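Chemist: Here it is, the structure, as structure tokens.
The values are calculated or read from the model by the stated rules, or taken from the named source; none is laboratory data. As the structure is a computational prediction, the values presented were derived from the model and not from experiment. Cβ placement follows ideal geometry from the backbone for every residue including glycine, while neighbour counts extend to all protein chains displayed. Please note that ligands, DNA and RNA were not included when accessible areas were found on the heavy atoms of the full protein model with its side chains. Shrake-Rupley method; radii C 1.70, N 1.55, O 1.52, S 1.80 Å.
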Amino acid sequence: MSFDAELNQRLATIRTQGLFRELRRIDSPQSPRIRIGGKTFLNFSSNDYLGLANDPVLKDAAIKAVRKFGVGSGASRLICGSLAPFHELEAALADFKKTGAALTFSTGYATALGTICALLGRDDIIILDKRVHASIVDAARFSGAKLRVFDHNDLNDLEDKLKWAEKNIRHSTRRVLIVTESVFSMDGDAAPLREIVALKEKYGAWLMVDEAHATGIIGKNGRGLANKLGVGEQIEIQMGTLGKALGSSGGYICGSRMLIDFLINRARSFIFSTAPVPAAAAVAAAAIQFVQSKPGKVRRDLLWLRVKQANSKLKNQNSKLLSAIIPVILGDESTAVSAAAHLREQGIFIPAIRYPTVARGAARLRVTLTASHSADDVATMSRALEQIANQNRNS
Ligand SMILES: *Cc1c(COP(=O)(O)O)cnc(C)c1O
């Protein structure tokens with residue numbers, strides 16, 4: 001069989017499972033209204049929670065950085081690419097998260113991969129929440145560490161895994177790392193961070209928390225859930241991304257100066273990769289300043305107002321969750337795909353999230369609210385979703 005014929009066959013299998021994915025070209029900036037194929041859609045799919053991706057303040061920061069530092073970084077940070085905007089951003093991040101230091105990477109994916117693989121190897125053990133992001137799962141596998149998964153947010157199961165690790169760790173110099181998210185990307189619920197911190201201290205494990213969906217929007221000044229719960233200092237490795245609420249792109253680690261120096265020396269996705277464009281760092285630094293300012297608080301208050309509206313309109317059972325992510329679970333992959341298509345016909349863009357992003361049979365529409373949506377936008381979206389729910393009930 002020819003190369004393409006074989007791939008075509010594999011794609012056919014993906015299609016019959018309702019798992020085929022395709023790119024949709026967007027001809028407008030990221031905002032509540034996006035242009036696809038000459039049509040305008042109401043967008044409830046972006047992680048641009050504060051509407052910063054197309055904000056004039058951040059665009060200005062990018063333009064200034066381009067004028068001053070050009071567009072490309074020229075090399076890896078360790079060769080000659082460590083331009084001033086990266087250092088300014090890292091100082092801003094460390095101050096924001098109240099840690100000794102910070103390091104940024106080209107993406108969140110590269111952050112997880114570089115960090116976990118630098119810290120752990122074959123003789124170590126890594127314990128993950130069942131629903132952590134694929135970047136963390138991939139990093140854990142790639143590190144070669146023994147991998148254990150605990151049921152989502154289940155402290156008893158986590159403790160069982162820690163007890164198992166205690167018995168199975170070969171040397172006292174070997175390490176156990178727990179990794180979780182603070183706000184989960186596809187479910188919008190939060191991890192019991194205080195209790196997880198207590199467990200990791202009890203068993204002498206390390207803890208890494210990914211705040212991709214909390215940074216910028218949760219806690220005082222948007223410092224994240226760990227800061228809000230007062231456990232930031234006990235978490236060895238605080239991770240996050242710059243491409244969601246902060247409106248730019250990239251990933252970061254906040255932690256001790258020792259951790260950052262170690263990563264600069266050992267994180268391969270940092271060492272062997274060209275530095276991102278300096279404008280991306282300048283934008284993220286401007287965003288960190290923005291979220292801590294009064295207009296930043298106004299933007300956050302607006303976001304939470306829209307979340308509240310959507311939660312009450314959608315009668316979200318899990319409305320205690322303090323996140324901008326509302327999962328509408330439909331179960332079957334094809335049902336989710338046709339629901340998304342139906343919404344698109346009505347000019348609403350909410351993609352179906354399917355395996356392998358979520359478990360098989362847990363396909364869903366993932367609604368994300370932003371501060372840029374109007375009350376009318378939320379009402380339109382809620383009505384359309386209600387209709388779909390009624391149709392599913394009647395079929
Ligand atoms: C988006 C995301 C990442 C990956 O970050 P990118 O910058 O998009 O590569 C990592 N972890 C979580 C929880 C995410 O949601």
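Chemist: Do we have any residue at all in the range 179-190 that's assigned by TED's automatic domain parsing to the domain that holds THR99, surrounded by fewer than 24 Cβ atoms within 10 Å (Cβ to Cβ) and away from the ligand (no atom under 16 Å from the Cβ)?
Modeler: Checking the range 179-190: not a single residue is assigned by TED's automatic domain parsing to the domain that holds THR99, surrounded by fewer than 24 Cβ atoms within 10 Å (Cβ to Cβ) and away from the ligand (no atom under 16 Å from the Cβ).
Chemist: Also, I was wondering about something else. So which of ALA145, ALA140, ALA75 ends up being within 14 Å of the ligand (Cβ to nearest atom), assigned by TED's automatic domain parsing to the domain that holds LYS220 and farther than 30 Å from LYS294 by Cα?
Modeler: ALA140 is the lone residue from the list that is within 14 Å of the ligand (Cβ to nearest atom), assigned by TED's automatic domain parsing to the domain that holds LYS220 and farther than 30 Å from LYS294 by Cα.
Chemist: Sort out which residues of the range 191-209 are touching a Gly at 6+ places or on another chain (Cβ under 9 Å) and either open to solvent by 10 Å² or more (accessible area, probe 1.4 Å) or among the aromatic types (Phe, Trp, Tyr) (or both), and write them in order of number.
Modeler: ARG194
Quick grid of which residues meet (1) open to solvent by 10 Å² or more (accessible area, probe 1.4 Å); (2) of a type in the set (Val, Ile, Thr):
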{"site": "GLY51", "(1), (2)": "yes, no"}
{"site": "ASN54", "(1), (2)": "yes, no"}
{"site": "VAL57", "(1), (2)": "yes, yes"}
{"site": "ALA61", "(1), (2)": "yes, no"}
{"site": "GLY70", "(1), (2)": "yes, no"}
{"site": "ALA84", "(1), (2)": "yes, no"}
{"site": "GLU90", "(1), (2)": "yes, no"}
{"site": "ALA112", "(1), (2)": "no, no"}
{"site": "ILE116", "(1), (2)": "no, yes"}
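Chemist: Also, I was wondering about something else. Working only within the range 23-75, note down all residues that are assigned to a strand (DSSP E or B), of a type in the set (A, V, I, L, M) and touching a residue at least 24 places away in the same chain (Cβ under 8 Å). If you could, list the steps in order and put the result at the bottom.
Modeler: Going residue by residue through the range 23-75, those that are assigned to a strand (DSSP E or B) are 26, 33-36, 39-43.
Subset that is of a type in the set (A, V, I, L, M): 26, 34, 36, 42.
Passing the criteria: ILE34, ILE36, LEU42.
Chemist: Got at least one residue in the range 44-61 being within 15 Å of the ligand (Cβ to nearest atom) and acidic (Asp, Glu)?
Modeler: Yes, the range 44-61 contains at least one residue that is within 15 Å of the ligand (Cβ to nearest atom) and acidic (Asp, Glu).
Chemist: Out of the range 224-250, which residues are part of a loop (DSSP other than H, G, I, E, B), touching a strand residue (DSSP E or B) at 6+ places or on another chain (Cβ under 8 Å) and away from the ligand (no atom under 12 Å from the Cβ)?
Modeler: Answer for the range 224-250, where residues must be part of a loop (DSSP other than H, G, I, E, B), touching a strand residue (DSSP E or B) at 6+ places or on another chain (Cβ under 8 Å) and away from the ligand (no atom under 12 Å from the Cβ): GLY224, ILE235, GLU236.
Chemist: Taking only the range 210-223 into account, find how many residues are surrounded by fewer than 24 Cβ atoms within 10 Å (Cβ to Cβ) and either in contact (Cβ under 8 Å) with a residue 24 or more places away in the chain or within 16 Å of the ligand (Cβ to nearest atom) (or both).
Modeler: Residues flagged as surrounded by fewer than 24 Cβ atoms within 10 Å (Cβ to Cβ) and either in contact (Cβ under 8 Å) with a residue 24 or more places away in the chain or within 16 Å of the ligand (Cβ to nearest atom) (or both) within the range 210-223 amount to 2.
Chemist: So which residues in the range 156-189 are of a type in the set (Ser, Thr, Tyr), in contact (Cβ under 8 Å) with a residue 40 or more places away in the chain and in a loop (DSSP other than H, G, I, E, B)?
Modeler: SER182, SER185 - these are the residues of the range 156-189 that are of a type in the set (Ser, Thr, Tyr), in contact (Cβ under 8 Å) with a residue 40 or more places away in the chain and in a loop (DSSP other than H, G, I, E, B).
Chemist: Only residues in the range 278-296 that are of a type in the set (Ser, Thr, Tyr) count as the first member; pair them with residues that are open to solvent by 10 Å² or more (accessible area, probe 1.4 Å), Cβ under 9 angstrom, at least 6 apart or cross-chain, and list the lot.
Modeler: Pairs that qualify, where the first residue is of a type in the set (Ser, Thr, Tyr) and the partner is open to solvent by 10 Å² or more (accessible area, probe 1.4 Å), are SER293/ASN221.
Chemist: Which members of the range 219-243 meet the condition of being within 17 Å of the chain's Cα centre (by Cα) and either more than 19 Å from VAL197 (Cα to Cα) or outside the structural domain of ARG257 (by TED's automatic domain parsing) (or both)?
Modeler: GLY222, THR241, LEU242, GLY243
Chemist: Here's something else I'd like to know. I'd like to verify a number: residues in the range 272-306 that are more than 18 Å from LEU322 (Cα to Cα) and of a type in the set (Phe, Trp, Tyr), how many?
Modeler: 2
Chemist: Let me ask something additional. State all residues of the range 1-53 that are β-branched (Val, Ile, Thr) and in the same structural domain as PRO351 (by TED's automatic domain parsing); if no residue qualifies, say none.
Modeler: Passing the criteria: ILE26, ILE34, ILE36, THR40.
Chemist: I need the strands (runs of 3 or more DSSP E) fully contained in the range 76-155, keeping only those with at least 1 residues that are charged (D, E, K, R) and more than 16 Å from MET239 (Cβ to Cβ).
Modeler: It comes to 146-150.
Chemist: Go through (1) farther than 22 Å from ALA101 by Cα; (2) within 11 Å of the ligand (Cβ to nearest atom) one by one and return the number of the condition LYS202 breaks.
Modeler: (2)
Chemist: On to the next question. Quickly run through the range 251-263 and pick out the residues that are within 14 Å of the ligand (Cβ to nearest atom) and either surrounded by fewer than 19 Cβ atoms within 10 Å (Cβ to Cβ) or modelled with pLDDT under 95 (or both).
Modeler: none
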